[in-house]
1. Which percent of the Cα-Cα distances in region 380-419 go past 11 Å?
2. By per-residue mean of other Cβ atoms within 10 Å, what is the highest-first order of 108-115, 259-266?
3. Is it possible to state the helix-based mean residue ellipticity at 222 nm for the chain, with each DSSP H run of 4+ residues giving -39500 (n - 2.57), the sum divided by total residues, to the nearest 500 deg cm²/dmol? What is it?
4. How big is the shadow of the Cα convex hull of region 251-354, averaged over all directions, in nm²?
5. Exactly which GluC sites (Glu not before Pro) in region 385-459 are in a DSSP loop and have at most 16 other Cβ atoms within 10 Å?
6. Summing Lys, Arg as +1 and Asp, Glu as -1, what charge do residues with Cβ under 12 Å from the Cβ of Trp265 carry, Trp265 excluded?
7. Quick one: dipole size for region 17-120, taken about the Cα centre, charges +1 on Lys/Arg Cβ and -1 on Asp/Glu Cβ, in debye to the nearest 20.
8. Sorted by average packing, counted as other Cβ atoms within 10 angstrom per residue and highest first, what order do 474-486, 394-406 take?
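The values are calculated or read from the model by the stated rules, or taken from the named source; none is laboratory data. Keep in mind that this is a model prediction, so the values were computed, not measured. Backbone-built Cβ (ideal geometry, glycine too); neighbour counts: all protein chains shown. Just so you know, the surface numbers come from the protein's heavy atoms only, side chains and all, with ligands and any DNA or RNA stripped out. Shrake-Rupley method; radii C 1.70, N 1.55, O 1.52, S 1.80 Å.
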Amino acid sequence: MKKAKIFFVSSEIYPFVKGGRGGEFAGALPTYLQMQGHEVRVIMPKYSLINERKYIIRDIIRMKEIPVPMHHGEIPVSVKSGFLPESKTQIYFADLDKYFKRADLYRDRRTGQFFKDNDERFIFLARTAIETLKTLGWQPDIVHCCGWATGILPLIIRHEQEKDNFFKKTIIVYSINDMAETGLFDKSVLEKALLPKGFIEPEKCFYKNKLSFLKTGMAYSDAVTIPSTFKKIKSFTKPKDDFEHIIAGAKNLYDLPFAGDHNLWNPANNSSLFKPYSTEKYERRKANRETILESKRINFSPEQMIVGILCDNIHYQFKEIVNILKALKDIPLQILLVSDENPNAISALKSQIAKNDQHTIHTLTDPEDQFRHAFYTLCDVFYAPVTEDLLDVHYLNGIHYGTIPLVSKDRECSHAFEAIKPKSSGGEALIFADEKDLVKKVEEALELYKEPEKWQALVFNAMRTDVSWNNVIPHVTKIYEKAFSRLK
């Protein structure tokens, strides 16, 4: 594919805000496309949760007080600028307190319910994206919308294409990354989006008599991508929920593998580590381990294997964690359990496993997500329980630090790794079939760990394994090319 101008729009981007799979997707893919020579820019909301000093976000004189048309009149917005970390990819931030100065991205933390004005908030993001492009005079070849919250943008662009030529040669790609929200809103959303009556085909947008951002985004895009984890959805004959019902009717739907971000998650350039390290400077990993153990007051021996368990939602993963620890109860292990949940949740888990005297367990909460870099460096083997969105990104990122994944063969990412063969020191992941096999794989790892040269060979295999977005770019560009072929 020829070099293109690509504009990404997302409601969340990692690491600016901590979202799910969608945030990781929108934070990584643009950088890798830029590295391939494409001209890529990104826009997202400037949530009050984002640290402007940390990420060096600046005002742009010509982007101040841009008038954004909304149903209740024009709203002036200032668009700020920065770069995606560890990259030269420019990112813009739509800065408006009315919509984005909140304690969470989508929900009221007190009630757990969606903000009542989520439709307006993300119509505003869509409109700001369009006005930003026009103010810059930057006509993209591709607008790539990420997540349910951007589902209204393809429809608005189609209306723009009828009004003038700015988006005449632009294709729209819509990526679904999280398997939960459908973005259902009252019909009045069309008026709020300033779309005239009769412009849309209701069957393309409505579900259960409400307008679905998800369905709309799919219907008015030239191509729709979905993680390979969800590829079976296309063949479901009896969808079990609203999300699957909507996906079942999708056209121009493409599987897109997920990958790791080896720019952001890289021990060779990570400033949060005591000493950055690589295979050429591997001795520094040991120095990091000792420093981390001491600074966090973790009573582990740095000479013995450390098994990590990394949780995203300990309430959802509670049963699985308990089952894993019970399965390994007869194996003496040092176990580090890290969760982003509150300490009370971890305390409840500790009470479930307190009777196990074979394990030395240390628990930590990581609300800022920063300890993940140290976690990957500290642990020899790690396990990531299944989450609601089947997020395998921990394995895909962590392996670059030389941490050996302990992964079920049923997880989608297991296909990205080669299973360790103890006799040959080949492979880079401990892939198990069932609970009995899990125990066997951990026991084999312990035996290999007693032979430093063999274990280091496995660690080097892991650190050199490329499961980054570099491998996914050919899939992405092929999807872009197919979308371009439909451009009239």
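1. On the way: 478 of 780 pairs.
That fraction is 61 percent.
2. Numbers: 108-115: 10.9, 259-266: 22.6.
Put in order of decreasing packing, that is 259-266, 108-115.
3. Rounded to the nearest 500, it is -10000 deg cm²/dmol.
4. Numbers: hull surface 41.8 nm².
If I average the Cα hull's projected area over directions, I get 10.4 nm².
5. Numbers: sites: Glu388, Glu412, Glu418, Glu428, Glu435, Glu443, Glu444, Glu447, Glu453; in loops: Glu388, Glu418, Glu428.
Those that pass, being in a loop and sparsely packed, are Glu388, Glu418.
6. After counting each charged neighbour, the total is -3.
7. 360 debye
8. Going from most to least packed, we get 394-406, 474-486.
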